[in-house]
1. Six or more apart or on different chains, Cβ atoms under 8 Å: show the pairs whose first residue is in the stretch B:9-21 and at positive phi and whose second is buried (at least 20 other Cβ atoms within 10 Å of the Cβ) and among the small types (Gly, Ala, Ser).
2. Taking the options B:252, B:338, B:257, name whichever one is part of a loop (DSSP other than H, G, I, E, B), modelled with pLDDT of 95 or more and at the interface with another protein chain (Cβ under 10 Å from one of its Cβ atoms).
3. Read through the list (1) over 27 Å from the mean Cα position of the chain (by Cα); (2) at negative phi, then give the number of the only condition that residue A:362 fails.
4. Go through the stretch A:100-130 residue by residue and tally those that are more than 27 Å from residue B:360 (Cβ to Cβ) and assigned to a helix (DSSP H, G or I).
5. What's the total number of residues in the stretch B:15-31 that are under 13 Å from residue B:157 (Cα atoms) and part of a loop (DSSP other than H, G, I, E, B)?
6. Which of the residues that make up the stretch A:369-378 are facing chain B (nearest Cβ under 9 Å), within 17 Å of residue A:354 (Cβ to Cβ) and surrounded by fewer than 19 Cβ atoms within 10 Å (Cβ to Cβ)?
7. Just for the stretch A:379-419: of the residues that are free of Cβ contacts under 8 Å to residues at least 24 places away in the same chain and within 13 Å of chain B (Cβ to nearest Cβ), which one is nearest to residue A:352 (Cα to Cα)?
Protein chains: 2
Amino acid sequence: MSLGEFSVSDHGITFPKGYRASGLACGIKRSLRPDLALLVSERPATVAGLFTTNRVRAAPVEICEGLLREHPGEARGLVVVSGVANALTGPEGLADSRRVIELAEGALKLPQGSVYHAATGVIGPRIPVERVESHLPQAVHALASDRPASTRAATAILTTDTRTKEAAVSVRLADGTRARLGGMAKGSGMIAPSVGPPHATTLAFLTTDARVSTPGWQGLLTREADRTFNMISVDGDTSTNDTVLAFANGEAGGALADDDPALARGVAYVLERLARSVARDGEGATKLLTVNVHGAADAHEARQAARSVASSLLVKTALFGADPNVGRIACALGYSGATFETQDLDVRLVDGPKNWPLILHGTPAPGLDNGQGHRLHNVLQRLEEVVLDVQLGNGPARATAWGCDLSYGYVQINAQYRT
Amino acid sequence: MSLGEFSVSDHGITFPKGYRASGLACGIKRSLRPDLALLVSERPATVAGLFTTNRVRAAPVEICEGLLREHPGEARGLVVVSGVANALTGPEGLADSRRVIELAEGALKLPQGSVYHAATGVIGPRIPVERVESHLPQAVHALASDRPASTRAATAILTTDTRTKEAAVSVRLADGTRARLGGMAKGSGMIAPSVGPPHATTLAFLTTDARVSTPGWQGLLTREADRTFNMISVDGDTSTNDTVLAFANGEAGGALADDDPALARGVAYVLERLARSVARDGEGATKLLTVNVHGAADAHEARQAARSVASSLLVKTALFGADPNVGRIACALGYSGATFETQDLDVRLVDGPKNWPLILHGTPAPGLDNGQGHRLHNVLQRLEEVVLDVQLGNGPARATAWGCDLSYGYVQINAQYRT
């Protein structure tokens, strides 16, 4: 993209000024893959957060909500462990997470209340705190702001993910200041849009060097996460650990940028890119599914309709089989809660500049049962991203949701007995 | 079961007096398996019905709702086709279904408005009406009330089902009359509890020779279907064709039995047995999952909690792998919408007279990560029906939901390109 007003980078979480990160293996995962990530801001950052709506909440989620309430403008760091969720662990789990934070604050020489914390992995087991403790000095020593350091942190937060999820962009703000944004995410299973603010899905972390106010930054994060992370679904299971945290340390200087459209565009870009990566890397997924709904009565119905199609097991398995089984799309729209008349329904498959009609005026497009069906089968097999354009013909509202196909791989990953 | 007050039979839909049925292959299915079923009552029957809440409704659903409104006490027959859903077929589909009914009324010499109709199968294609027409005389000729005739009808309504679903029972009513009830169902995929009355799932047909009033019969069906068919889930997709129809022809005589607890018990038995069969025969399923929730704040929350666990893809895949991954159960309860405190949560696996603790006071039962986990793995592998008892510790309400595991088979059945 252009190097002018809005410039995409292949960097990650340490792209903005004043952030360093590291990631390494401390032995939580039996696989000995990286499982401990650190992120540090050179100066106090304003932090905004969104957490799972699940009633069963992991210890780190409880603790972060408290930190956010008590010290909103004083964040200096983040410690993430992967391999165990530290959920369903009772008072011992809370004590474990408090101890991990205390150890990180000690190793980083940061004041109490300035380090945030997240965890992801199996529900039930406790964090082996002594392994975190013994590896923290090494993690602190490895802190760096270059691209490999970003990727090491992005790697250490993964579980069943098959690839890292990073994004970065720089934007020119209204006052001429150039601000940078970076992000990393993990998420592959136990992923569903949750309902009712504040809501979040999976783990996602965003950094910027822009100057913001605490309420303005929280508002911006909530708004853009609602349009991105809350519109992805892999399996419909809303996790106990979902966390989105966004840090803004003001290193770029300039005026307060809360209401700057360029900053909003930057946040939107990073979150959408991370959310799409999470959907695309759904457990066992072979294709990304993007569902654009137009013509809904209102925004709520547009979102319901888009998410319903992106979450339908029958649509997802048909996609895996490259089967243009258009009735399943209509069925998922029909039970979504969105209002429309069947005869007004149009659905098209977008294939680059081309459009393949799937449903026209509420009936399957001609020829789906013979030649045209075979052609569509071949198109679906070829596409890595399948984009459906749905027209409900019932109003002005639109929304987009992202999902993935459902393959044998999903069943295999989730059915294997853990030991 | 006892031959006294409540006597279970291995018969089906023609067990009550005054009903005959047949089923045969008319060539709708490419597999040439049976796909045309008839049910006839010797005299006019009161009929009650429940239909899908999906906004995209198959033509037979539209027509049955109209019949029910206009001729509630005059049902004489039912014609069911399997292989095509006759949904998404526009005005032509409505005309096709009207023609099928007209042909059936003609072949059965029954008055207009007395024959009901249902369809199940692929969404999109039209009913090959001429094949139905040419086979109707044979279907009428084959009508019989013996057990094989019941089973032939129960076979002809199946699609991806691997077995017929039938139930029958006789009960002694308060005035001494012995009334019989019978039923058949189909359902294997595109199965989810739908929301908001009237609601129904899959195809299910019930007969009785008891005497009832139209509103009393509809009330009884609605109540008991809500507790049974609306509590099963295979894949969360609420179909365009869901239909439950219940016929009561009064052949048994005696007083009006609407409010007779024995009749309610008979309806409950037949519907629960059919609903469980549908869940057990979920596409690709190897196990039935029964989730009993106790201690919910109210009935609505109890139902939400039970359905959430029975529908969770992560619980379903863990079940397929016989993995005692208890965190996934807690997670599904947590996002169900039911209110409870994590530390009050107990979950047990019921194994005949034995109970295996899975979660106690909100934490995993001891030893799940080692020896006890292996023992539970072996128990889960052995059980054909897995019963979970959940205690939320937050009130007096309870509910039961049924589901099944998610296997490679589900993906295979639904991913295969249809041609």
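The values are calculated or read from the model by the stated rules, or taken from the named source; none is laboratory data. Everything numeric here is computed off the predicted structure, so don't read it as measured data. Ideal geometry is used to build each Cβ from the backbone, glycine not excepted, and the neighbour counts take in all protein chains shown.
1. Qualifying pairs under 8 Å: B:18/B:41.
2. Values: B:252 fails: at the interface with another protein chain (Cβ under 10 Å from one of its Cβ atoms); B:257 fails: at the interface with another protein chain (Cβ under 10 Å from one of its Cβ atoms).
Answer to the check: B:338.
3. Among (1) over 27 Å from the mean Cα position of the chain (by Cα); (2) at negative phi, residue A:362 violates only (2).
4. Qualifying residue count, the stretch A:100-130: 8.
5. Looking only at the stretch B:15-31, we keep the residues that are under 13 Å from residue B:157 (Cα atoms), and these are B:21-26, B:28-29.
If we keep only those that are part of a loop (DSSP other than H, G, I, E, B) as well, we get B:25-26, B:28-29.
Qualifying residue count for the region: 4.
6. Filtering the stretch A:369-378 for residues facing chain B (nearest Cβ under 9 Å) gives A:369-370, A:373-374, A:377.
Filter once more, keeping what is within 17 Å of residue A:354 (Cβ to Cβ): A:373-374, A:377.
Selection gives A:374, A:377.
7. Going residue by residue through the stretch A:379-419, those that are free of Cβ contacts under 8 Å to residues at least 24 places away in the same chain are A:382, A:415-417, A:419.
Applying the additional criterion that residues be within 13 Å of chain B (Cβ to nearest Cβ) yields A:415-417, A:419.
Values: A:415: 37, A:416: 38, A:417: 42, A:419: 45 Å.
Filtering the stretch A:379-419 for residues that are free of Cβ contacts under 8 Å to residues at least 24 places away in the same chain and within 13 Å of chain B (Cβ to nearest Cβ), the one nearest to residue A:352 (Cα to Cα) comes out as A:415.
Residues are listed down the side, and each one gets a yes or a no for (1) free of Cβ contacts under 8 Å to residues at least 40 places away in the same chain; (2) facing another protein chain (nearest Cβ under 10 Å); (3) within 30 Å of residue B:15 (Cα to Cα):
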residue	(1), (2), (3)
B:265	no, no, yes
B:276	no, no, yes
B:285	no, no, yes
B:288	no, no, yes
B:293	no, no, no
B:301	no, no, no
B:312	yes, yes, no
B:332	yes, yes, no
B:342	yes, yes, no
